[in-house]
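Before any comments, here is the structure.
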Amino acid sequence: MQTVEPPETTENELVARAQNGDLDAFSRLMEGVQPRLLSQAIVFCQDPDLARDLMQETMIAAWKSLKRFDGTCQLFTWLYVILQRQHGRARGWFSRRLPSPTAEQILAGSQREAAAGTENSDFGSDEAELVRSLVSALPPKHREVIRLRFYADASEAETASALGISVGTVKSRLHHALKKLQGMREKLNLLRGEEH
């Protein structure tokens, strides 16, 4: 006699069950995103222990607000927004480090370039620090869309849904953020005496 395996539970089914208070379903959801969430937390904190704390705080906040997740963006995108906000609330505990796409990828605003640049093995730490500094200098609303679009790899529609704003607002904020980054980069190049 052959045993029949139960069908795989989809993410949407797990979300629905978790939204109805099923802690086991929520745990299964978190197991699926934990490695990626932890790697982003490590990038923010630059310390594995602090990153685990940040990830735990993010998961607690996600559980408390899961009923507000409407599925219009990927679960990870929604969790990334929570991670980013939890990090912002605890600035005294966590560093303000970001992942390191190249300045050209961000400044060009190209999704193709950003996707191709996810492996930054040959990317110098000086350039990475410059990008972090430039992005950190942006106003919060611009910094948030840049992080979601280029670091969490969220589409404009997902970014809009995750932040509760329109796609037009996302496009506008991205445009202004990229323009500000370009201006900051040009000023730095002038100060350094480099050609741009």
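The values are calculated or read from the model by the stated rules, or taken from the named source; none is laboratory data. In this text the structure is predicted, and so the values were computed from the model without any measurement. Cβ: placed from backbone, ideal geometry, glycine included. Neighbour counts: every protein chain shown.
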Checking Ile106 against (1) assigned to a helix (DSSP H, G or I); (2) farther than 22 Å from Thr77 by Cβ; (3) at pLDDT below 65: exactly one of these is not met. Which one? (2)
Looking at the structure I just gave you, is Arg185 modelled with pLDDT of 90 or more and more than 20 Å from Gln40 (Cβ to Cβ)? no
Determine if the stretch 48-58 includes at least one residue that is outside any helix (DSSP H, G or I) and at pLDDT below 90. no
Would you be able to tell me the number of residues in the stretch 18-40 that are hydroxyl-bearing (Ser, Thr, Tyr) and more than 20 Å from the chain's Cα centre (by Cα)? 1
Residue hits (the stretch 156-170; within 17 Å of the chain's Cα centre (by Cα) and closer than 19 Å to Leu138 by Cα) are Glu156, Thr159, Ala160, Leu163, Ile165, Val170
Filter result for the condition that a residue is over 21 Å from Pro35 (Cα atoms), at pLDDT below 90 and in a loop (DSSP other than H, G, I, E, B), over Arg96, Arg91: Arg91
Residue that is farthest from Ile42 (Cα to Cα), among those in the stretch 60-85 that are in contact (Cβ under 8 Å) with a residue 60 or more places away in the chain and not polar (S, T, N, Q): Asp70
Within the stretch 138-168, of all residues that are surrounded by fewer than 16 Cβ atoms within 10 Å (Cβ to Cβ) and either assigned by TED's automatic domain parsing to the domain that holds Gly88 or of a type outside the set (D, E, K, R) (or both), the one farthest from Val81 (Cα to Cα) is Gly168
Out of all the residues in the stretch 171-196, which are under 18 Å from the mean Cα position of the chain (by Cα) and among the charged types (D, E, K, R)? Lys171, Arg173
What residue, among those in the stretch 169-185 that are charged (D, E, K, R) and within 19 Å of Glu127 (Cβ to Cβ), is surrounded by the fewest Cβ atoms within 10 Å (Cβ to Cβ)? Lys180
